1. Please work out whether segment 1-111 counts as rounded, prolate or oblate from its C-alpha gyration tensor, where a ≥ b ≥ c are the square roots of the eigenvalues and a/c under 1.5 means rounded, while otherwise a/b larger than b/c means prolate and anything else oblate?
2. Which one, 169, 138, 218, is farthest towards the positive end of the dipole of segment 77-229 when Lys and Arg carry +1 and Asp and Glu -1 on their Cβ?
3. May I have the extent of the alpha carbons of segment 23-176 along their three principal axes, as whole Å values ordered from largest to smallest?
4. At a 1.4 Å probe radius, carbon and sulfur cover how many percent of the accessible area of the chain?
5. Only sites in a loop by DSSP and with at most 14 other Cβ atoms within 10 Å count here; which GluC sites (Glu not before Pro) in segment 1-93 make the cut?
6. When the expected Rg is taken as 2.2 N^0.38 Å, what fraction or multiple of it is the alpha-carbon Rg of segment 76-130?
7. Regarding segment 62-104, what's the average projected area of the Cα-atom convex hull, expressed in nm²?
8. For segment 139-225, state the average projected area of the convex hull of the C-alpha atoms over all orientations, rounded to one decimal in nm².
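The values are calculated or read from the model by the stated rules, or taken from the named source; none is laboratory data. Keep in mind that this is a model prediction, so the values were computed, not measured. Because the Cβ atoms are built from the backbone with ideal geometry, glycine has one as well, and the counts that use them run over all protein chains shown. Ligands, DNA and RNA are stripped out before the accessible areas are found, and what is left, the full protein with its side chains, is counted by its heavy atoms. Shrake-Rupley method; radii C 1.70, N 1.55, O 1.52, S 1.80 Å.
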Amino acid sequence: MRRGAGPERRSVRVWDAPTRLFHWLLALLVAAMWVTGEERAISVHTQIGVALFGLVVFRVLWGFVGSETARFARFLKGPSTVWAYLCGRYVHGLGHNPLGGWSVAALLLVLLAQCALGLVAQDVDGMESGPLSHLVSYETSEAARIWHHRLFDALLILVGLHLLAILWYFLGRGEDLVTPMLNGRTQVPADTPEPRAGSKTAFAGAAVAAVALALWVGAGAPLPAPFTP
């Protein structure tokens with residue numbers, strides 16, 4: 001390194017392809033859910049909801065078996081660490097910071113709850129219902145419909161905070177969070193180790209499990225026939 005030059009830096013992969021694909025598919029499907037819900041296209045809305053459910057299930061599984069920066073154990077920190085980060089006393093490594101990690105967890109939980117409610121909810125006109133509505137009572141299905149609409153407001157708040165955080169990091173700290181989510185790479189000090197990637201076997205297992213579960217609930221999750229001797 002020349003005298004007076006800044007510290008050497010190199011490009012490393014911070015986000016793997018499955019995580020990036022999840023991110024952009026999630027944005028697309030949530031937008032499509034909003035449009036189809038507003039237009040009362042219930043059949044399409046339900047199909048998209050099942051696809052969204054499968055996508056979220058995949059991300060939850062990938063949070064346990066995926067690449068290093070995608071794992072919950074890597075970015076879900078305790079309250080003291082989150083507070084230290086807010087006070088500027090904690091420098092996080094690659095991936096989600098302590099506050100961003102919990103925002104990801106909150107988003108996944110709200111999405112799972114939203115999908116679960118939609119799967120058992122009935123349409124306001126009673127003409128169409130979620131594929132699992134036959135598993136619950138009429139009263140439960142009606143309550144699920146009401147809370148399905150209410151919870152969407154919480155989802156919009158989380159999405160809005162996510163966009164504001166991206167803008168604040170770009171304008172206030174000069175950090176571009178969008179480009180790494182597009183190409184997967186970011187610039188780090190040369191001595192920073194590259195995160196471990198997830199295996200193809202883990203990806204295949206998570207993808208197959210998520211698709212199978214989505215197809216099962218989309219088909220109405222038929223219960224096993226009772227055993228008769």
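1. Numbers: a/c = 2.56, a/b = 1.99, b/c = 1.29.
It is prolate, given that a/c is not under 1.5 and a/b is the larger ratio.
2. 169
3. 55, 31, 24
4. Details: 9340 of 13830 Å².
That fraction is 68 percent.
5. 8, 39
6. Here the answer is 1.79, to two decimals.
7. That works out to 2.7 nm², a quarter of the Cα hull's surface.
8. The directionally averaged projection comes out at 10.4 nm².
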